[in-house]
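Undergrad: Below: one structure in C-alpha cells.
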Amino acid sequence: NAGVMQNPRHLVRRRGQEARLRCSPMKGHSHVYWYRQLPEEGLKFMVYLQKENIIDESGMPKERFSAEFPKEGPSILRIQQVVRGDSAAYFCASSPPGKGSNTEAFFGQGTRLTVV
Amino acid sequence: AQSVSQHNHHVILSEAASLELGCNYSYGGTVNLFWYVQYPGQHLQLLLKYFSGDPLVKGNKGIEAEIIKSNFSFNLRKPSVQWSDTAEYFCAVNPTNFGNEKLTFGTGTRLTIIP
C-alpha cells in the first residue's frame with residue numbers, strides 16, 4: 001500500500017506565476033488535509049477536504065489559494081500569482097473515512113515551493 | 001481554539017543521554033495528542049498517539065509519552081538516545097469531537113545527537 005504521494009517534491013516559480021501541488025492519498029483514504037510549514041515554524045493547517053467537498057478551509061489565505069479533491073484524481077492545492085512569502089513546504093495528509101477524529105493522519109513527503 | 005507549545009526549540013545531547021521533550025497544550029475540552037517525527041529529508045511520521053485510557057503511551061525503542069491532564073502536558077521521553085534519533089519532533093493536538101480532525105502543531109523541537 002503506497003503512502004501519501006505528493007508531487008512535485010520541489011517546485012520553483014517566479015513571482016506572479018501559478019503553483020500547482022498534487023497529493024494522492026493512501027488507498028482507501030477519502031479525507032485529505034493540507035498543511036504549510038514556513039521556515040522555522042511548525043505545520044499550520046490550511047484545508048480539509050473529502051471527495052468533491054471542502055469541509056474546513058479556515059486556514060486558507062483568503063486570496064490566491066484554492067484547493068480541490070475531485071471524484072477522480074489527486075487533490076490539488078493551487079496558488080495563483082505566487083509571492084516570495086509563499087515559499088514554504090506544503091504537506092498533504094490523508095486518513096480513512098468513518099472514524100471521526102480518532103483517526104491517524106498519514107503524511108506525504110511534502111512539496112518544497114521556492115518563489116524567486 | 002486549541003494551541004500547542006514546545007518550549008525547547010533546539011536540544012543537543014550526547015549519545016546515551018536521557019531525553020525529555022516538553023509539550024503543553026491548551027483546549028477547553030477533551031483532546032487527542034500526537035508526537036510526530038521528521039527525520040532529515042523525510043516526511044512526518046507518527047511516533048505516538050494518545051486517544052484515551054492509559055496516560056502513558058509507549059512506542060518503539062524505549063520511547064514514550066505521558067499525558068498529565070492537570071498540567072496540560074504530553075512530554076516525550078526516551079531513556080537513552082542514539083545518533084539516529086537526530087530529527088525534528090512535533091507535538092500535535094486535535095479535539096475529539098467528531099468531524100474536527102485538523103491537527104494543531106507545535107513549532108517543533110530540533111534534536112541533535114552528538115556521537
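Undergrad: Show the residues, 5+ positions off or on another chain, whose built amide H is closer than 5 Å to the amide H of residue B:108.
TA: B:6, B:91
Undergrad: In vacuum, with every alpha carbon of region A:1-87 counted as one equal point scatterer, what does the Debye formula give for log10 I(q)/I(0) at q = 0.12 Å⁻¹? Two decimals, please.
TA: -0.36
Undergrad: Another one. With the crude spin-label approximation of a point 7 Å out along Cα→Cβ, what separation in nm comes out for residue A:26 versus residue B:17?
TA: Result for the modelled spin labels: 3.4 nm.
Undergrad: May I have the convex hull volume per residue, in Å³, for the Cα set of region B:28-78?
TA: 94
Undergrad: Kindly flag which residue pairs out of B:49/B:102; B:58/B:78; A:27/A:62; A:44/B:102; A:27/A:51 have an alpha-carbon separation exceeding 20 Å in this structure.
TA: Result: A:27/A:62 exceed 20 Å.
Undergrad: If you line up the Cα atoms of the protein assembly as shown on their principal axes, what length do they span on each, largest first, in Å?
TA: Principal-axis extents of the Cα atoms in the protein assembly as shown, largest first: 48, 39, 34 Å.
Undergrad: If I take R0 = 22 Å and measure r between the Cβ atoms of residue A:55 and residue B:69 in this structure, what FRET efficiency does the formula 1/(1 + (r/R0)^6) give, to the nearest 0.05?
TA: The formula returns an efficiency of 0.15 here.
Undergrad: Separate question: What's the average, rounded to a whole number, of partner chain beta-carbon atoms within 10 Å of each residue's beta-carbon in A:103-116?
TA: Mean shielding by partner chains, rounded to a whole number: 3.
Undergrad: Using θ = phi - 60° and the Karplus form 6.51 cos²θ - 1.76 cosθ + 1.60, what ³J(HN,Hα) does each residue of region B:77-88 get, whole Hz, x for Gly and Pro?
TA: 9, 8, x, 8, 8, 10, 4, 5, 7, 4, 4, 10
Undergrad: Provide Rg and Dmax in Å for region B:26-115, with only Cα atoms included in the calculation.
TA: 13.6, 45
Undergrad: Using θ = phi - 60° and the Karplus curve 6.51 cos²θ - 1.76 cosθ + 1.60, what whole-Hz ³J(HN,Hα) does each residue of region A:43-48 get, with Gly and Pro shown as x?
TA: 6, 10, 4, 10, 7, 10
Undergrad: Separate question: Among DSSP bridges having both ends in chain A, what percentage is antiparallel? Round to the nearest 5.
TA: Just about 90 percent of them are antiparallel.
Undergrad: Sorted from fewest to most neighbouring beta carbons within 10 Å, what does the list A:114, B:109 look like?
TA: A:114, B:109
Read-outs throughout are calculated quantities, based only on the coordinates presented, and are distinct from any laboratory measurement. Bear in mind the structure is a predicted one, so any value in this text is a computation, not a measurement. Methodologically, a virtual Cβ is constructed for each residue, glycine included, from the backbone with ideal geometry; neighbour enumeration extends over all protein chains shown.
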